[in-house]
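Worksheet: the structure to be examined is printed underneath.
Since every read-out is calculated from the coordinates, none of them should be taken as a lab result. The structure displayed is predicted, hence computed values, not measured ones. Cβ coordinates were reconstructed from backbone atoms using ideal geometry, including for glycine residues, and neighbour counts include every protein chain displayed.
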Amino acid sequence: MLELLQQPWPWYFSGPLIGVMVPLLLVLGNKTFGISSSLRHICAACLPAKLPFFNYNWKAEKWNLFFVGGIFVGGWIAATYITNNQPIAINHTLLNKLSIYRINEDNNLVPTAIFSWQGLLTIRGFIIMVVGGFLVGFGTRYAGGCTSGHAINGLSHLQLPSLIATICFMIGGFIMANLILPFILQL
Amino acid sequence: MITQKKSLLKAEEKNTDFEVRSLDTICTNDSHLQHPWWYNIKYAFAGIIFGIILIKAEVISWFRIQEMFHLKSFHMFGVIGSAVITGCISVLIIKKLKIKTIHGEPIFFIQKKFNKGQIFGGLIFGLGWAMTGACPGPLYALLGSGISVIVVVLFSAIAGTWVYGAIRSKLPH
């Protein structure tokens, strides 16, 4: 059983499991599936700085911080015990293309040439992690949600604003991956 | 009843919030049962399960995200698509059968309101998503999986959220 779970899970198994998080959180206590709001709660808890956006009772939303804490632990469990230690089967054309930029799949979830402490000291690593992270935090809050809150939760509720947001996520991603990222990776 | 209405009105006045979620859930939570903190532990367990799924679904892989945005694989579209369909069917079932929470409360759904932030913010997040290869959920899972440098990305994301909070009144919504 464990051996079977240690294999990569196909999309038609893992996708529905992700979808089940929506009713699970609703049934556990009327919670709306969403993760990026945890970033806001962290701001509200640590540095509200009298900004109206961060002056609310974040303690009432504590569940969200427990949830993301759980994700952290789950990530550790899966990476330590539920793994077959094989690299992810990525499309070869793409891998060849990326190798031009000295990016290789080194049996990891991220390319270590960029996502490592040494990588942080390179220009491209710094831009991708620091600027990229900033855009993620800024954009999700501006949009009012991220992939989980808008794409999965919002679309499950058939919300038009979430559909608009999801389309914009994809447009932004296509622009970055195809038109801008190649230049950043050259740095 | 009147005091409840008053507090609702007060919350509305204070509600400079375009994302209905947090502030409104707080005011709808007024009637909510008050639970001790350890009731939240069940959400930590839900999080653990979700974290495991994220890793095993490979959606936290930077390479998978690049594949998706280069249209080189169906994997990500399959995961997100089947997740949405499953979520959709479950929400329909909850509504049809009027399923209650484990504490016996009726489940309520909050309508999101449209504002331009979903367009501008969505585009900005999309740019960041393709760079870091991670949305906020995967950031926590990646950090847990032992890639310590992700703490830099997470910290930048918190900084981005904070800056948004600081300048949001000047942004078009």
Stretch gain in nm, segment B:LYS95-B:PHE108, where the contour uses 0.36 nm per residue and the Cα spacing is subtracted: 3.8 nm
Cα convex hull volume per residue for segment A:8-81 (Å³): 108
For segment B:63-173, the spread of Cα positions along each principal axis, largest first, Å: 44, 40, 28
Residues A:TRP63, A:TRP76, sorted so that the one with the fewest Cβ neighbours within 10 Å comes first: A:TRP76, A:TRP63
19 Å cut-off, amide nitrogen to a point 7 angstrom out along A:TRP117 Cα→Cβ, residues in segment B:132-161: B:142-156
Cross-link table B:LYS42/B:LYS98; B:LYS56/B:LYS116; A:LYS62/B:LYS56, entries beyond 29 Å C-alpha to C-alpha: B:LYS56/B:LYS116
Mean Cβ count within 10 Å, highest first, over the residues of peptides B:151-159, A:137-145: A:137-145, B:151-159
Test item: A:54-61 mean partner chain Cβ contacts at 10 Å: 5
Check: the protein assembly as shown dipole with +1 on Lys, Arg Cβ and -1 on Asp, Glu Cβ, in debye: 860
Mean separation of Cα contacts under 8 Å, 6 or more apart, over the residue count of segment A:89-187: relative contact order %: 20
B:TRP38 versus A:LYS97: modelled label distance in nm, points set 7 Å from Cα along the beta carbon direction: 5.3
Whole-Å distance, taken between Cα centres, linking segment A:97-121 and segment A:13-28: 32
Ordering of B:49-56, A:51-58 by burial proxy (mean other Cβ atoms within 10 Å per residue, highest first): B:49-56, A:51-58
Averaged over A:43-52, number of beta-carbon atoms from partner chains that fall within 10 Å: 4
Value of Rg/Rh across the protein assembly as shown [Cα atoms, Kirkwood radius]: 0.96
Bins of 10 Å from zero: percent of alpha-carbon pairs in segment A:89-187: 14, 37, 32, 16, 1
Sequence ranges B:68-80, A:93-105, A:34-46, ranked by mean other-Cβ count within 10 angstrom, highest first: A:34-46, B:68-80, A:93-105
Spherically averaged projected area in nm², based on the convex hull that wraps the Cα atoms of chain A: 13.1
Average beta-carbon neighbours from other chains, 10 Å sphere, peptide A:175-184: 4
Pairwise label distance in nanometres, A:PHE174 with B:ALA166, each label 7 Å out on the Cα-Cβ vector: 3.5
The protein assembly as shown: calculated mean residue ellipticity at 222 nm from DSSP helix runs of at least 4, using -39500 (n - 2.57): -18500 deg cm²/dmol
